[in-house]
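For reference, the structure is listed below as structure tokens.
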Amino acid sequence: QSNSIRIVSRAWTVAALARTAPVPHALVVADAAVRQGVDLDTVLQHMARWKGIHRARWVTRHANPAAESALETLGRFTCMEFDLPMPVCNAWVGSSGPVYRVDGLWPFHWSAYEADGALKYDNRPDASAIVAAQSEREFYLRRLGLDVARYGWDLGFGRRATLAERFAALL
């Protein structure tokens, strides 16, 4: 036996996770990979007869390079999991041109979601400025007529059924 280290590509790692990990976790990883330009389809061809390939294909088919964070991905996955309309990831909105980008937009319902991780507030001397800017942004979005749902890790990761209820209330 050898104690040698084996190195695999990002694509192989993502495909392996997509085959075996819980689907929301695999989708988070796949979104990040395709955002970086990783080609997952070629690897899946090599795994055509492997256990879990159907799940890996589903994850790859639903991976979206426009998702910029794990929390955004979990919001989108919530829509899939609870059969809600699919949002447009990171869509620009404005009254006469792009002004703000929302994490997820349902253009036919004129509703949006914003995934708010705690890192932008924690241990920052400018947290009050961030909150003030966020309030101004939300005021503008609501003046456009957008309904907005905000959520954090508690809902996006731990209570997706509740998050789905909130999304459904907007829609």
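Quick look at the values:
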item	result
One residue from ALA48, ALA15 being of a type in the set (A, V, I, L, M, F, W, C) and not in a helix (DSSP H, G or I)	ALA48
Residue list for segment 24-45, filter: open to solvent by 40 Å² or more (accessible area, probe 1.4 Å) and assigned to a helix (DSSP H, G or I)	HIS25, VAL29, ARG35, ASP41, THR42, GLN45
GLY104, sole failed condition from (1) in contact with a Cys (Cβ under 9 Å, 6 or more places away or on another chain); (2) open to solvent by 30 Å² or more (accessible area, probe 1.4 Å)	(2)
Tally of residues being part of a helix (DSSP H, G or I) and either within 24 Å of VAL131 (Cα to Cα) or without any contact (Cβ under 8 Å) to a residue 40 or more places away in the chain (or both) across segment 141-171	16
Residues satisfying the stated conditions in segment 86-101, i.e. among the hydroxyl-bearing types (Ser, Thr, Tyr) and open to solvent by less than 80 Å² (accessible area, probe 1.4 Å)	TYR100
Any chance ASP83 is free of Cβ contacts under 8 Å to residues at least 60 places away in the same chain, open to solvent by 80 Å² or more (accessible area, probe 1.4 Å) and within 22 Å of GLU165 (Cβ to Cβ)	yes
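The values are calculated or read from the model by the stated rules, or taken from the named source; none is laboratory data. Please read all numbers here as calculations on a predicted model, not as lab measurements. Ideal geometry is used to build each Cβ from the backbone, glycine not excepted, and the neighbour counts take in all protein chains shown. Accessible surface areas use protein heavy atoms only, side chains included; no ligands, DNA or RNA. Shrake-Rupley method; radii C 1.70, N 1.55, O 1.52, S 1.80 Å.
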